[in-house]
Every structure is written in C-alpha cells, then in structure tokens.
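These notes concern the structure reproduced below.
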Amino acid sequence: MSSNINSQLILNLDTTLRNVLQQPTINNIHLCFSLIKQCHYRRFEDEKTVQDDNLYIPAILLLRQFNRFQNPSTFDKLLEEFILLFQLIPISTKKILDDLLCIISIILTKRIMITNDEVQQDLFIRFFHSFCLSIKTNLNLFYKEFLGNFNQNLPIIGHYISCLLQLYEKINTLDYRINIINTLWSLIYINKNENENEFRLIIGQILACFLPGILKTFAQDIGSIHQRLVHANLILLSYIIQISINLSSKYNFETNLMKDELRDIVVERNEQWLSIVDTHLAPILQRLTNDYVNHESLNVRQALANFMLTILCYCSLWLKISANMALKTMLVIVSSTNEDQKEIEIMKVLLKKLFKLPIESLPVILSQPSSSESSILTYETEFINEILNSSNIILSDHLLIECQADLFQLLEQQQQQQISSSSILTDRRWRLQLFIGYYTFIHSHIDFLFDMDAFTDKLFRFILNTLDFNTLIRSNLNLLNESSLSNTNNTTKNFDLNEYNSVYKHLKSDVHYEIEQIIKLFTSSHSNFIDYLFEQINQKKIINENNQKIFYLLSIIYEEKNLNNFEDYQVLLSLLSQLICDDNYQKPTKKRKKSHLKQEEPISNRNLTIYFLLQCIRTITRIDQIEHLIDYIPLLLLCHSSKYTIIHQTSLLCLTSISNNLPSFLVSQSEYIIDSSLKKLQTSSYDGYLILIEFIRLGNTNVINLPIMTHVIEELLLELSCLPPIECIELTFQFLNVFCQQVLDIVDKNTKLKSTLISQQTKSLIDFTLNLQQQYAPQNSSDNELNNNNNDGDGDGDDDDDNNDEKKQDKHPWHKMLVSIVDVFQHFISHSNNHVRSYVLDAFPSLAHLLSTIDENLFLPLVHKLWPGLIYRLYDIDYNIRIRCLTTIQCLCNICSDFVDRRIRQDILPILIQHLENNRLISSTNKLEYRYMKFLLINIGTIINAITININDIEKIIFILFQYLQIEELALNAYEQLILLIDKYSDIIWLQLILHDENEYRKGYFNKMKVYKPEPMLTIDPKWKSNLLVCLNKY
C-alpha cells in the first residue's frame, strides 16, 4: 500500500514538474514543492530517518531553468520555496552540493548581479544563507568538501564573496545589508568542536586570500551608515581579523594537486604579508577611532572596543602599528564614558588582564544558550568570556614600552593657544582620554619612570593647554555679562538649585569630565599637587586665564577632599575680596584709579574668575569651623550685591549651601557681619554699605529685630552728617529703603496679630519699637492716657501728662532715629546731585508707609517738611526723577489723601495739567520725555480719584484725555483713565463727550437750546466713543 502511495506521489511530482516548466506560475511552483515535501515526510515515516538528499534533484531541475521564470514574482516564489526546503532537508551529498554551487554561481552572474530589484537580491541572499546553514549541518561536507576543497571550489567561494561584497556596496537598505553580513557570518563562523583548529586554518586561509577586498568594502562608508550596521560590521571584522591574521604557512590540503593559477591565490601568511596587512589596516583603525570612539551608542563603542581588543590579544606581535592604535583606542573608550556601565567596566577588567594588573573579581558574564549556529550578536559575549578565561593573553613587551614613551610625549606636546574649532575640541578630548587610559594602567610605574616634581609640572601645563576658556567665554558672553537683576528684589525665596544648575552648566569646560577624572586619579596618590596649585596662583594679577583654570581645578579637587591648611583658605578669601570689593563703585583712592586705568580687564573675564573662585571657596568652606565663616559671609553678602547676575546667583548658592534657614543663620553671624561692615565704613570703602544692605535684605525681619541695628543706623546717619561722597549718600538711602520695608513687614504682622486681641490699640511708636524682637508688646497705660489726652486737648493736667509722655518718647532711641531719618530726607530731597534725589524719592514710599503705620505724629510732619522739595521735583531736568516724584505723590494719595488733598489740588494738579497739555504731541523719539508723559497719563486717574477737585479742573482734565484719544499710541491709556474716572465723574464725562465730539454735536441734541458751539471740536474714534457710552449708560 505504501509503495503505491509513493509511486503515486512520484508520478504527481513528475507531472507537476513538467507543468511548472511549461507554465511557471506561483501555484504550480508551490504545488511542486508541496509534493517534494510530502515525499520527504512519507520517506521519513517509512525509514524513520533520511540519509540522502536526492529529493533536491527535481528542485534543482527547476532552478537550472531559472531563465524560464522571467516574472520576478515567480522567481521570488521559487527562492522562497527553496529556503523552506533547505530548512527541511539538509544537504548531505557532494553531488547535490556541487550541482547547487554551480547553479548558484550562474544565477549570481546572470541574474542577481545585473538586476536593480533590491527585494529579489535580498531574497537571493537569504536563499544563499539558508543554503550555507543546510550544508553546515554536516561539518565534514561543509569544511572538507565545500570550503576546504581549494582545487575545485576556491574560485567559486571567491566569486560568492565578491558578489556579496558588491551587493553590500550596491544595496542601500539597512536590513538588506545586515542580511548580507549575517550570510557572510554563516559562511565563516566556526562552532566549538573537536576539529575547530583545523577548520580555523581553512577559514583563515580563505579569508586571507580575499582580505583586501573585505576590508575595502566594509571600511569605505563606515562613517556614514546606521549604528546597527556599524555594530554588525565591527563584530564581523573582529572575527575575520582573529581568524585570518596570524603567522601560518599555506593550508596543505591537496595543495600539490592545485592548478598553477589557483596556487598563487592562496597566500602564505608570513611576516612580510603580515607587515603589508599592518600597513593597510592602520588607516582603517584610525578612521574607525575618529568616527566611533565617542559614539552615542554604547553597543557601537563596545563593538569597537572588542575589535581593538581582538587585535591586541591575537595580532599584537605582528601588527605593531595597528596594535599601538588599537591600544590607544581601547584606553580612550574605557575613559570616555561618564557613567558606570557594566560593559565599560568589563572592558577595564580586560585591559587590566592585558597589563598584568591585579583584578579584584571577574565580572559575571551571562552565558548564551548553546546552539548549532551562533548569532553574530551573541559572539561578543563568547569573545569576552574567552579572553577572561584565557591564561596566556597579555600585551607584548613593545606595547608596554610604547605606552611609557607615549605618555611622556603626550605631556611634552603643546596645544595651540587659540582654540575654537570642533575638530580641535575632539583632539583635546582625545589627548585627555588617552592620558587617563595610560595613567590608569601604568600609574604604578610613574614614580620610578619620572621625576615627580617634573611630572607634576608637565601635567599642570598639559591640563592648562587643554582647557579652552577663551571659547567658553565667547560662547557665554551674555551669561557672563548679564546685569538685569534688580538689587531691590529679594530673590532668596525664589532661588531654585535645579534652575541654577541648568543655566550655569554651560560654564563647565567642554572637557570637564576628562579633567575631573585626571584630577581624581592623580590626587588620589599625589596629594602634594594641591599645594603645587596654590603655589601657581598669581596673586598680583588675579584676573588671568591661568588663575581661572587653577580655581576651576581646585573646585573639582575639593568636591571630595577637605582643606586642612587655613592659610590657603585665607589666600582665596583675600583674592575674592580684591576682585569683588566696590563692584558697583570706584574706590576714591588715587592708587586704585591709576591701577584701574593701566589695564582694564573685560567684564566677562572678571566675572568668570569670580565665579570659579566662589565655586572653589564653596567646596572648601567647612561649616563646622567658625573661623572659616568670619570673613567668608561678609564677602558673600558683598558678592550678593553685585549687579551681575552670575555673581549674585552664585553667592546666593554659596549662602544657601551653608544653611537652609538663611535668615536665622545671618542672625547667628550678625556680630561678625556688622563689625566687618562698620570697619569698612571707617576706611572710606563702599563695601560696608553694600554688606549691610544685603544683610538686612536676606535676613528679613529676623535681622531687623536685632537691637544692634540701632547702632548701625546711628553710624550711617553720622556718616551723612560728615558730608560723605555722593556714592555714600546713595548707598545710605538704599539701606534706609530696604530697612523701612523690612520694619514695615514687622509692623504689619504685629498689627494684624494684635487687632484680633485688642480693639483699641494705640499707634504709639514706642509700643511697636520698644522691643522689635517680641511678638507681642505689653500695652502701656501711659500710652492710652497719651491718646486720650491728645483727643481731649483740654486742661492743664492734660498738658502736663502730654509733656511727660513726650519727654519719654524723646528719650527712646527709635523715636530719635526716625526723627533723624525724617530730617535726612528733608535735607537730601533737594540735593544738587540727581542720583541722590533719585535714591531719596525711591526710599520715600517705604518710609512713608512705615511712619503712617507706626505713628502719624511722625509721618504728617515728614510730609509737611518734604512738600516744597516734592513740588520742585516735578520741574526737575531729570525726567526719571519726575517719574519717581509721581510715584511718591501716588503713595501719599493712598496713605493720607485727606491731609494732602488741598496741597495736591493747589500745588501739584496745575503742574500735572500743564504737563499733560504741553507734552501731548511729543514724539516717542524723545525717549525720556515721552516715558514721563506716558507714566503721567497712566497714573493721573488714580491721583484725581484720591482727592476732591473743582469742576473746572476736572473738565479740563477730561477734555485733555479726549484729546489723547486722538493719538493712536496713547489712546488706550487715555481710555483706561476715563473708565477709571467714570465712578465719580460720569456726568461730566458724558457732557464733555456730547459737547466736544463733532459728530455727537451735529446730531441735534442742542438744536432747541441756545448753546454755544464749544471749541475746539474733536473727532473721536467710534471704537472708544461707543465703549465709553456703553459704560456711561450704566450710571
């Protein structure tokens, strides 16, 4: 029965085969191969095993007639069916092998290599891949009859390799090219077996014959391909180098029987041949290193490292040039990553093994599951395990000697001073990474190879030459020169460390990680390098490039080390003091001016020097030692006063790194800070003022509560009485401005707390300022009597009580202080210097709010005293002072509108109306005048609403605002002021609109009335007019 079935299958197969040749369709091809598979399964059922491969005969007959399959889809179907057949039936006889080898060679030449169909080419590559794997199931057939039969098959093998390499160059699709690499891998890879060494000789001999073409193909576009392809290329090249490049005679399998023309193809791998290979391989290694040593993909870097490691482990005795390049590349790879990846750590262990260094523990490498055919992607793990477990793989002696010579030459090289291009950046990074690699693996020999003093000096010069701060400054000029930070803002609460790091990370060197590695490596065994750096600081000319680099290096060192030499710490503080002192003002001493005129350093250089110096001192400062903080904190406060953002923010970083609760910390250091600042005042330095300003600004209410602040203000007022320089007056009023703001915060807080407990609380100054440190001040009965007596105003006894209370108040230091401050404001508001007048007006709102909250008996006299000077400021030639004067008037309107009502109406309002009229048509090109006029226009409504005003003035102002509606740039501001005035003056606005708008007047509202036609008539934009009328209809 089974024989009948087999006969029927064979008949059907014969019929189908004829049909395919006559009508080569996809269905016929599929039916034919289905019958072949059925025959195979049937034979397998009968015999339980298949010993031959004669079922390939009908399939080969079809393949021989490949010209009949002109339609690409039918030929593709034929190849697909063959791929499945190769996987099902292994090739086991030489007859079938020879037939297929011949046919494949013909198809490659006559069809695959001449077509432009990449899909068909890829399908044929997968067909050939399956063919190789099918033969490889029989190792003797694959290595002895196929690859090892040089006399018969060497030309065919060469043809196959040549075609695959040409297709690799021709095809651009990534996956197709990777399939070519996998096909080559299946052809040359040798699995572990008992005949492995013999098979290596065969494959090595074949690869040696065609090595130039292989290297040329895979190296020609290595810098422009996808990282997956680079990864696969490097693994393949690594294996090819390992198998083919070694000292070996010709493989002697039937060599005597070979034809003469074939015998010359088989090369003898002698020293001359290896030298030629070395000459051609070295440039390829150089290109690979340049393109991929710092590649973003870890897989690519690891594959490159394995490639170089292959040369070091298996070829270093013969490839001297290439081995030297490979070693350098390996050293750079293991020192170029800033993360502790497991793969890089494995590379370091492998290098230690090569350098005969002690290895603490071998890394655990996950073994791959055993299979009949290893994948190209699993080879790396296999290779690393082989190196780790090998006992005879070490570097050759000539490489160890060259390492020492290269390290010396590396330190001798001088880098160009002007460094800007990215290629030079790559070169500097390469040199640093190479030094790290050399020093890491031969540092144990350094002490007896070099004189350490000379080596330290050479290392220092080497680091200086590789740090490019000129490019750093040019790239970050805006960051270094930015000065938009307002000195009046308290930014402590808004300081964000992450934001700071994200902004100023650009000020790190472009080779920061490499420098950090070198410093840590060298200082771990040579701590005297720190002393050497301090000796190299130029204390006479602080702002220079070398000092910047030294401060930068010290900041790196002290990230992990503690400074034990307090004298060195004082040196750094002294340098910082010289750099930052009087940041915003010139010293009055002639000596300082002369030195300043001799050489003026760029602001960017100065700020970068201060930045690195601050970072250095921050890492050095030990919080647990109070002597470090005595001079350090005042300097940080002085830096915080800088108008340059980088210095301001960095000093704030230093302060916040000392304590999370900065106000409380400043209170604990207040004695040293105030003592230092007052000493500076006595030496005619402006730094004392700046320190005090930042002290109370950052200390907030905690600092203001200190009793010693009374003494501070006394000193400042005493300085004012001695006619100090203009700058001192400006800084004094800056201090008073910030001081009043901080005291006002305390008073407001206390007022809110007390209002919930005591409904009838006196506003006496003494009650609030007798002890500012107390949260609640005890209510004084004499103060109640004082208020009652002031309200009654009758009786002799009352007058006596008032006199007694006034005497008590006069004795209180805070009362005297505030009275003195009021007098100071009165005196300096009319100062001849416009900067002084400006600072007085800036500080006045803070003082006014404070006095009005504490005691109107002090505030209202202040207004009375300052009023004449305030009026004259509206005529000031400096328009910025006029703007500040308007701000002050607004402040008075908010605080004491009843008191200043008549004064503003009579003294101020006519001036403001005049300015509005005269400046209406002023051009925006006159920036200061235009800015003042616009500021006045924006705020006139607030001032008018705060006071009572006669009808003539309000009509005039409203008419002027209507005129401003005709100016396009200012119409919106005028409209907003009219809307602001509608609440109080809606009727007048409506009447003025109806009377003066020409279109409204012509509508005839006044035809029956004998009303004069007002002049001038206005043409108001309908947009503003309609909006105004809508708003007016609501009232």
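When you check N528 against the structure, is it at pLDDT below 90, open to solvent by 60 Å² or more (accessible area, probe 1.4 Å) and farther than 23 Å from L411 by Cβ, yes or no? Spell out the reasoning first.
On the way: at pLDDT below 90: yes; open to solvent by 60 Å² or more (accessible area, probe 1.4 Å): yes; farther than 23 Å from L411 by Cβ: no.
So N528 does not fit the description; no.
Would the stretch 861-879 turn up any residue that is open to solvent by less than 20 Å² (accessible area, probe 1.4 Å) and within 30 Å of Q966 (Cβ to Cβ)?
The answer is yes; a qualifying residue exists.
Could you list all residues from the stretch 678-727 that are out of contact with any Gly (no Cβ under 9 Å at 6 or more places or on another chain) and basic (K, R)?
Answer for the stretch 678-727, where residues must be out of contact with any Gly (no Cβ under 9 Å at 6 or more places or on another chain) and basic (K, R): just R697.
Is it fair to say L706 is out of contact with any Leu (no Cβ under 6 Å at 6 or more places or on another chain), at pLDDT below 80 and at positive phi?
So L706 does not fit the description; no.
Which count do you get for residues in the stretch 828-866 that are polar (S, T, N, Q) and outside any helix (DSSP H, G or I)? Step through it out loud before you land on a result.
Taking the stretch 828-866 as the starting set, the residues that turn out to be polar (S, T, N, Q) are 830, 832-834, 838, 846, 852-853, 857.
Narrowing the set further to residues that are outside any helix (DSSP H, G or I) leaves 830, 832-833.
So the count comes out to 3.
Taking the residues in the stretch 937-974 that are closer than 16 Å to Q906 by Cβ and not in a helix (DSSP H, G or I) as candidates, determine which candidate is nearest to the chain's Cα centre (by Cα).
Per the stated criteria, the residue is I947.
Pick from the stretch 900-936 the residues that are assigned to a helix (DSSP H, G or I), among the hydrophobic types (A, V, I, L, M, F, W, C) and more than 29 Å from H864 (Cβ to Cβ): which of them is most open to solvent (accessible area, probe 1.4 Å)?
Result: L928.
Only residues that are open to solvent by 50 Å² or more (accessible area, probe 1.4 Å) and either part of a helix (DSSP H, G or I) or without any contact (Cβ under 8 Å) to a residue 60 or more places away in the chain (or both): list them for the stretch 626-654, please.
I626, E627, I630, D631, listed by residue number.
Evaluate the stretch 655-677: report whether one residue or more is touching a residue at least 24 places away in the same chain (Cβ under 8 Å), open to solvent by 10 Å² or more (accessible area, probe 1.4 Å), over 23 Å from I726 (Cα atoms) and among the hydrophobic types (A, V, I, L, M, F, W, C).
yes
Scan L123, L184, L165, L236 and give me the residue that is surrounded by fewer than 20 Cβ atoms within 10 Å (Cβ to Cβ) and part of a helix (DSSP H, G or I).
L165
Looking at the stretch 239-294, which of its residues are charged (D, E, K, R), modelled with pLDDT of 85 or more and in a helix (DSSP H, G or I)?
E271, D278, R287, D291
Is the stretch 582-602 home to any residue that is more than 30 Å from E727 (Cα to Cα), assigned to a loop (DSSP other than H, G, I, E, B), modelled with pLDDT under 85 and over 32 Å from the mean Cα position of the chain (by Cα)?
Within the stretch 582-602, not a single residue is more than 30 Å from E727 (Cα to Cα), assigned to a loop (DSSP other than H, G, I, E, B), modelled with pLDDT under 85 and over 32 Å from the mean Cα position of the chain (by Cα).
Residue by residue through the stretch 395-422, note down the ones that are in a loop (DSSP other than H, G, I, E, B) and at pLDDT 75 or above.
Once the filter is applied, which keeps residues that are in a loop (DSSP other than H, G, I, E, B) and at pLDDT 75 or above, the stretch 395-422 yields L395, S396.
Taking the stated definitions as given, is V332 open to solvent by less than 30 Å² (accessible area, probe 1.4 Å) and either at pLDDT 75 or above or over 17 Å from T440 (Cβ atoms) (or both)?
yes
Restricting to the stretch 698-718, what's the tally of residues that are touching a residue at least 60 places away in the same chain (Cβ under 8 Å), in contact with a helix residue (DSSP H, G or I) (Cβ under 6 Å, 6 or more places away or on another chain) and either open to solvent by 10 Å² or more (accessible area, probe 1.4 Å) or farther than 20 Å from V667 by Cα (or both)?
Matching residues across the stretch 698-718 total 4.
Hey, can you tell me all the residues within the stretch 884-896 that are β-branched (V, I, T), open to solvent by less than 20 Å² (accessible area, probe 1.4 Å) and over 10 Å from A848 (Cα atoms)?
The answer is I889, and nothing else.
To keep it simple, each residue is scored yes or no on (1) open to solvent by 70 Å² or more (accessible area, probe 1.4 Å); (2) at pLDDT below 80.
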position	(1), (2)
H443	yes, yes
N470	no, no
L480	no, no
N487	no, yes
N490	no, yes
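So R301 fits all but one of (1) over 33 Å from the mean Cα position of the chain (by Cα); (2) in a helix (DSSP H, G or I); what number is the exception?
Evaluating R301 over (1) over 33 Å from the mean Cα position of the chain (by Cα); (2) in a helix (DSSP H, G or I) leaves (1) as the failure.
Which number in (1) outside any helix (DSSP H, G or I); (2) at pLDDT 90 or above; (3) closer than 25 Å to I112 by Cβ marks the one condition that C132 misses?
The one condition C132 does not meet is (1).
Show the residue pairs that are 6+ apart or on different chains and have beta-carbon atoms under 8 Å apart, the first residue being within the stretch 17-31 and under 13 Å from L61 (Cα atoms) and outside any loop (DSSP other than H, G, I, E, B), the second being open to solvent by 90 Å² or more (accessible area, probe 1.4 Å) and charged (D, E, K, R).
L21/R68
The values are calculated or read from the model by the stated rules, or taken from the named source; none is laboratory data. Note that the structure is a prediction, hence the values are computed from the model and not measured. Glycine also receives a Cβ, built like all others from the backbone with ideal geometry; neighbour counts cover every protein chain displayed. Accessible surface is based on the protein model in full, side chains and every heavy atom, while ligands, DNA and RNA are left aside. Shrake-Rupley method; radii C 1.70, N 1.55, O 1.52, S 1.80 Å.
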